[in-house]
Amino acid sequence: MSQSKLITMDEFTIQETRKFPQATGELSALLRDLGLAGKIINNQVRRAGLADILGQHGATNVQGEEQMKLDVFANDTLINILKNCTECAGIASEENDDHLSYEDTYSRNSKYVVLFDPLDGSSNIDVNASIGTIFAIYRRVSPLGEPCTQEDFLQKGRNLMAAGYIIYGSSTMMVYATKLGVNGFTLEPAIGEFCLSHPNMKCPEKGKIYSINQGNSVKYDEGMMSYLTYCMESNKEEGRPYSQRYIGSMVADMHRTLIKGGIFIYPGDKSAPKGKLRLLYECNPMGFIIEAAGGRATTGSQDVLDVQPTELHQRVPIFIGSKNMVDKAMEFVKTHQAVS
Ligand code: FDP
């Protein structure tokens, strides 16, 4: 950390809020509560191997995937913390079929709703690789005082007020973006506080890493295949071949992409034209963060943040990361779209 004084996330958020005289402090409070949930989940993630908590929970989630115990714990933690805070009218979780409207008076009068993927990359828990929590915050569109409705959650990513993630990696970090920019806070375990460690994060315009599940390439279309060939070709001036890195945990792959630059792709393919990743819980929050950091996020046909969601668990293809690399990938994808 380069600054001489530790700045906690709460201090930082309050300072930022002061730039808006009309701000009520609710968004800062919500971010603090999400940080608190992150610390509780972190505590459990760190003990995963010890607490005999590894293994399948037995149930399957709405996507038909097996849930693991930690997913359930993380989901319950977020639901309860946001229910008991006074700034959240309701939530939608990747692990739940429908949104949840909090019915108490405080919640009904709150202006924000939160969407989250409680523990993304959970297939990595068994192998002790980085996983994370992703969140997205919208201002509700339904009237204050009423229960929140599905329309509050089915908003374009462009309407996001804030989005972020908590990565449970070699250290634990919370990164969040508002329209003012992106900042990263590392958990200082000695005092249990997230402290500003990565101010004003910018995604480099160009990188040297492409990140994709290349094992699926037999299902990719020609545009995708020719882009992969381009990544692997030798061109000294342009710094190719690029390195291939794929953890298979979106938070971890995106954290690297944000810091080092590069491109992360989860394309549509012959068996899943819309890809795998969820618009509301993964692609929109990551798209918002990367755009706020100067990068680009597209589905291949439009900016991710411009997609009008029609259902809570909708999936979209995604190309995200350094602006120049996403632009280049689009040249290949669009050429193929034009000829097919
Ligand atoms: P996981 O299934 O482990 O939860 O959307 C979930 C996700 O992980 C992302 O975090 C990750 O980027 C992607 O799936 C990995 O999918 P593949 O195994 O198909 O590459």
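The separation of the range 102-123 from the range 275-297, counted between C-alpha centres, amounts to 19 Å. Compared with the direct C-alpha span, the chain from LEU144 to LYS83 gains 20.3 nm at full extension, assuming 0.36 nm per residue. For the range 263-334, what does the alpha-carbon gyration tensor say about shape, rounded, prolate or oblate, given a ≥ b ≥ c as the root eigenvalues, a/c under 1.5 as rounded, and a/b over b/c as prolate? In terms of gyration-tensor shape, oblate.
Peptides 241-248, 130-137, 259-266 ordered by packing proxy, namely the average of other Cβ atoms within 10 Å per residue, highest first: 130-137, 259-266, 241-248. GLU87 sits among other residues whose Cβ lies under 13 Å from its own Cβ, and their net charge, with Lys and Arg +1 and Asp and Glu -1, is +3. For the range 108-189, trypsin sites (Lys or Arg not before Pro) meeting the loop criterion (DSSP other than H, G, I, E, B) and having at most 10 other Cβ atoms within 10 Å: LYS179.
Cα extents for the range 123-254 along the principal axes, largest to smallest and rounded to whole angstrom: 59, 42, 34. Put simply, the amide H of ILE318, placed in the peptide plane, has neighbours under 5 Å in TYR266, GLY268, leaving out anything fewer than 5 places away on its chain. Entry note, the chain: the mean residue ellipticity at 222 nm calculated from DSSP H runs of n ≥ 4, each adding -39500 (n - 2.57), is -9000 deg cm²/dmol after division by the residues and rounding to the nearest 500. What Kirkwood Rh does the chain have if only Cα atoms enter the pairwise 1/r average? Answer in Å. Evaluated on the chain, it is 20.4 Å. Taken along the Cα-to-beta-carbon direction at a fixed 7 Å, the label points for LEU6 and SER170 span 2.1 nm. Here's the list of lysines a cross-link from LYS5 could span, going by alpha-carbon distance under 23 Å and ignoring same-chain residues fewer than 8 apart: LYS19, LYS39, LYS202.
As a calculated quantity, the FRET efficiency between GLU222 and GLN302 at R0 = 22 Å, using C-beta atoms, amounts to about 0.60.
Give the shape of the range 92-183 as rounded, prolate or oblate, defined through the alpha-carbon gyration tensor: a ≥ b ≥ c are the square roots of its eigenvalues, a/c under 1.5 means rounded, and otherwise the shape is prolate if a/b is larger than b/c and oblate if not. Note, shape of the range 92-183 comes out prolate. Need one word for the range 151-220: rounded, prolate or oblate. Basis is the Cα gyration tensor (sqrt eigenvalues a ≥ b ≥ c); a/c below 1.5 gives rounded, then a/b vs b/c decides. Here the range 151-220 falls in the oblate category. Each label point was placed 7 Å from the Cα along the Cα-to-Cβ direction; for ASN213 and LYS156 their separation is 3.0 nm.
Each Lys and Arg contributes +1 and each Asp and Glu -1, all at the Cβ; summed about the Cα centre of the range 74-151, the dipole is approximately 440 debye. At most 11 other Cβ atoms within 10 Å and a DSSP loop assignment: could you name the trypsin sites (Lys or Arg not before Pro) in the range 269-301 that fit? For trypsin sites (Lys or Arg not before Pro) across the range 269-301 that sit outside H, G, I, E and B with at most 11 neighbouring Cβ atoms in 10 Å, the list reads LYS270.
Net length available on complete extension from ASN43 to GLU311 is 93.2 nm, with 0.36 nm assigned per residue and the Cα-Cα distance removed.
Coordinate-derived values only; no laboratory data. What you are looking at is a predicted structure, and each value in this text was computed from that prediction instead of being measured. Here Cβ is always computed from backbone atoms with ideal geometry, including for glycine, and neighbour counts include all displayed protein chains.
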